[in-house]
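Just so it is clear, none of the values below were taken in a lab; they were calculated from the coordinates. Quick caveat, the model's predicted, so the values are computed rather than measured.
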Amino acid sequence: MAHILKTRSALIPLVRLAAILSAMLLLTLLIVTTSRAAFTDTTENAGNSFATGSVIITDDDAGSAMFAATAMTPGEPVIECITLTYSGSLVPADVRMYGVSAGVLATYLDTTVEIGSGGSFGDCTGFTASSTLYSGTLANFSATHTDWTSGLATFTAPANPTSQTLRFTVDVQNDPAAMTQSATATFTWEAQD
């Protein structure tokens with residue numbers, strides 16, 4: 001029994017100490033949470049908004065193919081124009097040209113692409129060239145210029161809108177291997193800012 005009383009009397013000071021520490025902790029919390037500053041102020045920056053710009057390139061072909069050449073003969077080239085217009089809000093924007101071709105005749109089609117002003121789709125009247133962008137075979141063009149990275153630098157649009165006309169001259173080589181052959185092509189213009 002004496003051992004129990006000794007243990008009990010040893011616990012009493014620990015209980016008192018725990019009670020005192022708890023009271024001090026409670027008092028500290030009350031003082032800290034109730035002693036806020038009497039003056040406060042804030043500022044904010046409201047109404048922020050974000051939007052993206054646009055990259056838009058169109059041509060004046062109205063969905064029609066530039067070429068539908070049949071019975072081509074050497075020395076009688078087919079000539080067609082197309083006008084490209086960049087109207088995106090992001091400037092400057094670079095425009096590049098690339099394409100695909102298929103068919104044996106593409107190897108024998110000498111193709112020249114000039115850039116300038118005047119003329120429009122299906123009518124090159126008034127076209128004035130400022131430079132030659134490409135001169136070689138149609139097959140070489142499509143093998144060399146396959147996407148944006150390898151695309152032919154066509155023009156840089158410094159403002160919105162910017163229009164440029166391209167004149168294509170395509171002539172079949174005087175080579176018997178070109179006889180009775182055919183080819184198809186798709187030309188693509190891509191703009192990036």
Return the long-range amide H neighbours of Gly119 (sequence gap of 5 or more, or a different chain), with a cut-off of under 5 Å between placed amide H atoms. Phe127
Taking θ = phi - 60°, what integer Hz values does the Karplus form 6.51 cos²θ - 1.76 cosθ + 1.60 yield along the stretch 59-72, in sequence order, with x for Gly and Pro? 10, 9, 7, 6, x, 9, 5, 6, 10, 9, 7, 10, 6, 5
If you stretched the chain out fully between Thr188 and Phe121, how much longer would it get, using 0.36 nm times the residue separation minus the C-alpha to C-alpha distance? 22.6 nm
Once a ≥ b ≥ c are taken as the square roots of the eigenvalues of the Cα gyration tensor of the stretch 70-127, is the result rounded (a/c under 1.5), prolate (a/b larger than b/c) or oblate (a/b not larger than b/c)? oblate
